[in-house]
1. Give L207, L190 a once-over and let me know the one that is closer than 16 Å to E49 by Cβ and open to solvent by less than 40 Å² (accessible area, probe 1.4 Å).
2. Out of all the residues in region 67-79, which are farther than 16 Å from L23 by Cβ and either among the β-branched types (V, I, T) or open to solvent by less than 40 Å² (accessible area, probe 1.4 Å) (or both)?
3. Regarding D155, is this residue over 19 Å from the mean Cα position of the chain (by Cα) and of a type outside the set (A, V, I, L, M)?
4. What number of residues within region 117-140 are assigned to a loop (DSSP other than H, G, I, E, B) and either farther than 20 Å from A26 by Cα or of a type in the set (A, V, I, L, M, F, W, C) (or both)?
5. Within region 109-139, restricting attention to residues that are farther than 17 Å from L210 by Cα and out of contact with any Lys or Arg (no Cβ under 9 Å at 6 or more places or on another chain), which residue is surrounded by the most Cβ atoms within 10 Å (Cβ to Cβ)?
6. List every residue pair whose Cβ atoms lie under 9 Å apart, where the two residues are 6 or more positions apart in sequence or sit on different chains, the first residue falls within region 232-244 and is of a type in the set (V, I, T), and the second residue, located anywhere, is in a helix (DSSP H, G or I).
7. Give me the pairs: first residue in region 194-221 and without any contact (Cβ under 8 Å) to a residue 12 or more places away in the chain and over 15 Å from T184 (Cβ atoms), second residue assigned to a loop (DSSP other than H, G, I, E, B) and open to solvent by 20 Å² or more (accessible area, probe 1.4 Å), beta-carbon distance under 8 Å, and six or more apart or on different chains, which are they?
8. Restricting region 11-52 to residues that are farther than 18 Å from G66 by Cα and of a type in the set (D, E, K, R), which is least open to solvent (accessible area, probe 1.4 Å)?
Amino acid sequence: MPSIDHHGAHIRYETFGQGFPILTFAPAGLRSVIDVWSQPSAPINPTTEFSDKFMVIAMDQRNAGGQSRAPITAKDGWDNYTTDHIAVLDHLRIDRCHLYGQCIGGSFILNLLKHHPERVQSAVLAQPIGRVGAMAPGWNANFKGWADTVKDRPDAGEQVLNAFYQNLYAAGFAYCCDRDFVKTIKAPCLVLAGNDEAHPWPISEELSQLIPGSALVKEWKTGPALEQARVKVKAFLTKHTPAR
């Protein structure tokens, strides 16, 4: 499998199809890896849905249990993931691309838009993560599950993991950015609504209201709604693909 190395990180990725590029971020929180795209938790699998017209890029996130690995420090946060994403694009000599992300992928997308808006042609945020209200004590379930996978690493002590957790989740809302930033996004965006604790409906709704020109797909996970969403997402990406 192709991979890159940068700043101490080893990042594995795959490409599917040809055409204008779509960089994708699979669901599963900090255990976001390529294989999750083929699981039931991902109703829309971009590696198969869009690879007939686009070059779809999928990747194992750092330390997610796949083949990507990087040091873990108390200073880590959203920006470390973004440096991986940009490194993959740079390696592939891609100046600009669409983004499709589910779950944690929503925050990956927003952080890319915050730091590198010039690299984003358009974005689809599928059931983005976020928090309504105050932060609960202790680690959330996804972080606990991920922490168990790195418990034998000498660089992943409890103090480091506590700091990492705070860096990721303390801010609330969409975690990686605030509402004032979201109002400034210029890239066309489509939001597929979430409907559970980790992917709250109010977060999806608010993102769709704050991002200028954004639209919200309320039902998209099963049955006819899923088929309609597949068509709508592909049409959205096609509409915003630059003419060659």
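1. Answer to the selection: L190.
2. Residues of region 67-79 that are farther than 16 Å from L23 by Cβ, as a first pass: 67, 69-77, 79.
If the condition is that a residue be farther than 16 Å from L23 by Cβ and either among the β-branched types (V, I, T) or open to solvent by less than 40 Å² (accessible area, probe 1.4 Å) (or both), then A70, I72, T73, D76, G77 are the ones that fit.
3. Details: over 19 Å from the mean Cα position of the chain (by Cα): yes; of a type outside the set (A, V, I, L, M): yes.
Taking the combined requirement at face value, the residue satisfies it.
4. 9
5. In this case the residue turns out to be H115.
6. Every condition considered, the pairs that remain are V233/P46; V233/E49.
7. W201/N195
8. Per the criteria, the residue is E49.
The values are calculated or read from the model by the stated rules, or taken from the named source; none is laboratory data. Given the structure is predicted, the values throughout are model-derived calculations rather than measurements. A quick note on method: Cβ atoms are made from the backbone with ideal geometry, for glycine too, and the neighbour counts reach across all protein chains shown. Quick note on the areas: whole protein, heavy atoms, side chains included, nothing else; ligands and nucleic acids left out. Shrake-Rupley method; radii C 1.70, N 1.55, O 1.52, S 1.80 Å.
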